[in-house]
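Structure first, then comments.
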Amino acid sequence: MAAHQWIEAFQERQLGTGDVAPLAASWECDLANDGLRWAPGVFELFGLPLGARLDRREIVEMYVGESRVLLDRLRADAIATCGSFTFDAQIRRIDGELRWMRLTADVLAQNGRAVRLYGTKQDITAEIAR
């Protein structure tokens, strides 16, 4: 079973219990064309309908202020060094609601060159509010 399938199955079993932390959802970005692929949980986090067309420039605009600046810097560094990063970012969902997420990213490299970013995004809004 693929990781995203396991996460979705776990979430279905936990629906309505309210006693588990929100699970991270997977994402990836093809660096050749900035094409994004998201698991259902990322669409939900950003308030977008499942399967909506994803334009990376529009998605980056949803990151608030310093989070956008930090994303750009960390992403560029990871691509240049074939590295990874984790940070907490604030986004403004399509409905205007502010959310916090923990973003993890790693690089898939071929012949020493970054070709894809991938990772997870987890809603941590409740954690930040405490």
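Suppose the filter is assigned to a loop (DSSP other than H, G, I, E, B), modelled with pLDDT under 95 and surrounded by fewer than 15 Cβ atoms within 10 Å (Cβ to Cβ); does ASP95 pass it?
no
Among the residues of the range 90-109, count how many are touching a Leu at 6+ places or on another chain (Cβ under 7 Å) and under 17 Å from GLU28 (Cβ atoms).
Residues meeting the conditions: 3.
Name the residue, out of ALA39, ALA24, ALA3, ALA9, that is touching a Gly at 6+ places or on another chain (Cβ under 8 Å) and at pLDDT below 95.
Exactly one residue qualifies, and that residue is ALA24.
State all residues of the range 44-59 that are in contact (Cβ under 8 Å) with a residue 12 or more places away in the chain and either buried (at least 16 other Cβ atoms within 10 Å of the Cβ) or not charged (D, E, K, R) (or both); if no residue qualifies, say none.
Result: GLU44, LEU45, PHE46, GLY47, LEU48, LEU54, ILE59.
Return a yes/no flag: does the range 38-46 have any residue that is in contact with a Phe, Trp or Tyr (Cβ under 6 Å, 6 or more places away or on another chain) and assigned to a helix (DSSP H, G or I).
Yes: the range 38-46 contains one or more residues that are in contact with a Phe, Trp or Tyr (Cβ under 6 Å, 6 or more places away or on another chain) and assigned to a helix (DSSP H, G or I).
In the list ASP77, ASP72, ASP88, which residue meets the criterion of being modelled with pLDDT of 95 or more and part of a strand (DSSP E or B)?
Unique residue meeting the criteria: ASP88.
Considering (1) open to solvent by less than 50 Å² (accessible area, probe 1.4 Å); (2) part of a helix (DSSP H, G or I); (3) not basic (Lys, Arg), say which one GLY119 fails and leave the rest.
With respect to (1) open to solvent by less than 50 Å² (accessible area, probe 1.4 Å); (2) part of a helix (DSSP H, G or I); (3) not basic (Lys, Arg), GLY119 is out only on (2).
Any chance the range 98-106 includes a residue that's touching a residue at least 60 places away in the same chain (Cβ under 8 Å), out of contact with any helix residue (DSSP H, G or I) (no Cβ under 7 Å at 6 or more places or on another chain) and buried (at least 16 other Cβ atoms within 10 Å of the Cβ)?
yes
For ALA32, indicate whether it is open to solvent by 30 Å² or more (accessible area, probe 1.4 Å), of a type outside the set (Phe, Trp, Tyr), assigned to a loop (DSSP other than H, G, I, E, B) and within 20 Å of TYR118 (Cβ to Cβ).
yes
Consider SER26 against the criteria (1) open to solvent by 30 Å² or more (accessible area, probe 1.4 Å); (2) without any contact (Cβ under 8 Å) to a residue 60 or more places away in the chain: it satisfies all of them except one. Which criterion is unmet?
(2)
The values are calculated or read from the model by the stated rules, or taken from the named source; none is laboratory data. It should be emphasised that the depicted structure is a prediction, and the values quoted were computed from it without experimental measurement. Every residue, glycine as well, gets a Cβ built from its backbone with ideal geometry; the counts of neighbours run over all protein chains shown. Heads up: the accessible areas ignore ligands, DNA and RNA and are worked out on the full protein's heavy atoms, side chains in. Shrake-Rupley method; radii C 1.70, N 1.55, O 1.52, S 1.80 Å.
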